[in-house]
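For reference, the structure is listed below as structure tokens.
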């Protein structure tokens, strides 16, 4: 099965072939896959790997936020974890 990052990278192909909505759906699916990968790592006792995967997920979530709300003023604020 493809890794979440690979799915994210392939979303541009969906955009060219099937349109913007298909690319956005592929990106959301990729984020879900990245979360699942982090969960598996955590459940396997690989906490450092899980944390790294969550950081990667966070970075891709922030990229998606920029795509959805490109204007700084209208962009939703990301909360920091306490």
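None of the figures in this text is laboratory data; all of them are computed from the coordinates on show. The structure displayed is predicted, hence computed values, not measured ones. A quick note on method: Cβ atoms are made from the backbone with ideal geometry, for glycine too, and the neighbour counts reach across all protein chains shown.
What ranking do 37, 56 get, fewest neighbouring Cβ atoms within 10 angstrom at the top? Before the final figure, lay out the partial values.
Numbers: 37 20, 56 16.
Sorted ascending by nearby Cβ count, the order is 56, 37.
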Handout entry: Theoretical gain in end-to-end length, residue 72 to residue 39 [0.36 nm per residue, Cα-Cα removed]
Key = 8.7 nm
Problem - the stretch 4-66, relative contact order in percent, only Cα pairs under 8 angstrom and at least six apart counted - result: 27 percent
Fill in the blank from the handout: If one compares the long axis through the Cα atoms of helix 47-68 with the longest principal axis of the Cα atoms of the chain, the angle in degrees, nearest 10, works out at 10 degrees
Practice task
Please give the calculated 222 nm ellipticity per residue for the chain, where each DSSP H segment of at least 4 residues contributes -39500 (n - 2.57) and the sum is spread over every residue; nearest 500 deg cm²/dmol?
Solution key: -25500 deg cm²/dmol
Exercise for the section: Would you please report the Å³ per residue occupied by the convex hull of the alpha carbon atoms in the chain? Expected result: 93 Å³
